[in-house]
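Worksheet: the structure to be examined is printed underneath.
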Amino acid sequence: MENITALGGDVYEIDTKMAGYSGITAGYLILGDRPCLVETGTSTSAPVVRDAVTSLGVGPEDLATVVVTHIHLDHAGGVGDIARFFPYAQVVVHEKGARHLADPSRLMASARMVWGDRLDTLFGELSPTDAQRIVALGDTGAIDLGNGRTLSSHYSPGHAKHHVGLVDSATGDLYVGDAAGVYLPETGDLRPATPPPDFDLRTALDSIALFGALGPQRLLFSHYGPVDAVHETLERSAEELRIWVDLTRQAHSEGMDLDHAVAMVRDRTKDRYTALKSDDATAEQFELLSGAPSNVAGILHWLDRISP
Ligand SMILES: [Zn+2]
């Protein structure tokens with residue numbers, strides 16, 4: 001299938017095609033005795049993901065595990081649907097996200113407040129998963145991939161308080177979720193993802209440092225794809241965070257409202273990203289996944305929390 005890319009080590013990248021866009025939301029399938037899907041994509045992506053998983057030889061009864069790096073809808077919106085398509089799969093998530101997968105009503109209500117009518121076209125509706133099938137992770141955890149291979153989880157808050165990174169013992173791949181920002185393979189751009197209400201600079205930087213200390217061989221971004229230059233990329237992730245926070249802090253100290261702060265930060269950062277100089281479609285991808293309004297709002301929310 002055209003939306004599947006083999007990455008070596010029995011790992012396959014699946015373009016989950018959020019809202020029909022190509023190349024912005026990735027899921028990953030790790031084959032083996034206990035096949036594991038990392039990230040489901042949105043609810044509307046679930047049939048696309050099911051077909052990709054099936055075409056890789058993993059039938060309805062074969063998928064052992066579904067794990068999400070965090071419960072934002074572009075990563076976990078399809079969990080309920082995928083759990084229904086693959087009835088023997090366990091659903092693995094950080095303990096701070098577990099109850100929202102079992103009962104998504106509060107999560108969906110707050111997403112509806114943020115996105116309004118766009119919620120339906122962008123994400124669709126997260127459906128509940130039977131609590132019996134949910135395995136909650138603490139600070140660390142391990143997923144059995146079969147044949148002695150494991151996926152170890154590492155709590156990595158900052159972007160979201162229910163975020164984990166995942167390391168594959170066989171390949172050294174690190175699934176970074178959104179904790180290292182949003183990477184555009186077409187341009188090599190990397191932009192932070194600092195949405196409300198959980199963003200916290202110190203924990204976000206700690207999580208990036210933790211990722212470096214894990215010594216991964218490769219980073220697998222949910223947005224989007226593999227990156228081999230681990231060290232440089234994580235340094236860039238931290239640098240991007242500091243720049244966005246410094247500028248937003250400046251706007252905050254000058255008493256700017258959200259709209260003015262967004263305009264200022266957008267203008268002062270735009271030269272950093274090739275994507276914003278190229279065609280509108282690539283710029284639009286950035287705005288969907290780590291939009292300036294969402295990033296600046298998240299940083300302002302954090303600033304108000306630490307110095308009200
Ligand atoms: Zn995301």
Please identify the pairs in which a residue from the range 174-199 that is at positive phi has its Cβ atom under 8 Å from the Cβ atom of a residue that is part of a strand (DSSP E or B), counting only partners at least 6 apart or on another chain.
-> 177/164; 177/165; 181/190; 181/191
Matching option when the condition is under 22 Å from residue 23 (Cα atoms), of a type outside the set (S, T, N, Q) and either open to solvent by less than 30 Å² (accessible area, probe 1.4 Å) or within 14 Å of the ligand (Cβ to nearest atom) (or both), among 201, 190 | 190
Inside the range 157-185, the number of residues satisfying the requirement of being over 28 Å from residue 274 (Cα atoms) and of a type in the set (Gly, Ala, Ser) is 3
When you look at residue 71, is it more than 20 Å from residue 199 (Cβ to Cβ), open to solvent by less than 10 Å² (accessible area, probe 1.4 Å) and either within 16 Å of the ligand (Cβ to nearest atom) or not small (Gly, Ala, Ser) (or both), yes or no?
-> no
Positions within the range 162-197 being under 20 Å from residue 141 (Cβ atoms) and either modelled with pLDDT under 95 or assigned to a strand (DSSP E or B) (or both), in sequence order | 164, 165, 166, 167, 168, 173, 174, 175, 176, 177
Residues in the range 129-164 that are surrounded by fewer than 19 Cβ atoms within 10 Å (Cβ to Cβ) and small (Gly, Ala, Ser) total 7
Just wondering, is there one or more residues in the range 215-230 that are in contact with a helix residue (DSSP H, G or I) (Cβ under 6 Å, 6 or more places away or on another chain), modelled with pLDDT of 95 or more, farther than 24 Å from residue 294 by Cα and β-branched (Val, Ile, Thr)?
-> yes
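Among 23, 57, which is in contact (Cβ under 8 Å) with a residue 60 or more places away in the chain, among the small types (Gly, Ala, Ser) and more than 13 Å from the ligand (Cβ to nearest atom)? Step through it out loud before you land on a result.
Values: 57 fails: in contact (Cβ under 8 Å) with a residue 60 or more places away in the chain.
Residue meeting the stated conditions: 23.
The values are calculated or read from the model by the stated rules, or taken from the named source; none is laboratory data. As the structure is a computational prediction, the values presented were derived from the model and not from experiment. FYI the Cβ positions are ideal-geometry reconstructions off the backbone, even for glycines, and counts take in every protein chain you see. Please note that ligands, DNA and RNA were not included when accessible areas were found on the heavy atoms of the full protein model with its side chains. Shrake-Rupley method; radii C 1.70, N 1.55, O 1.52, S 1.80 Å.
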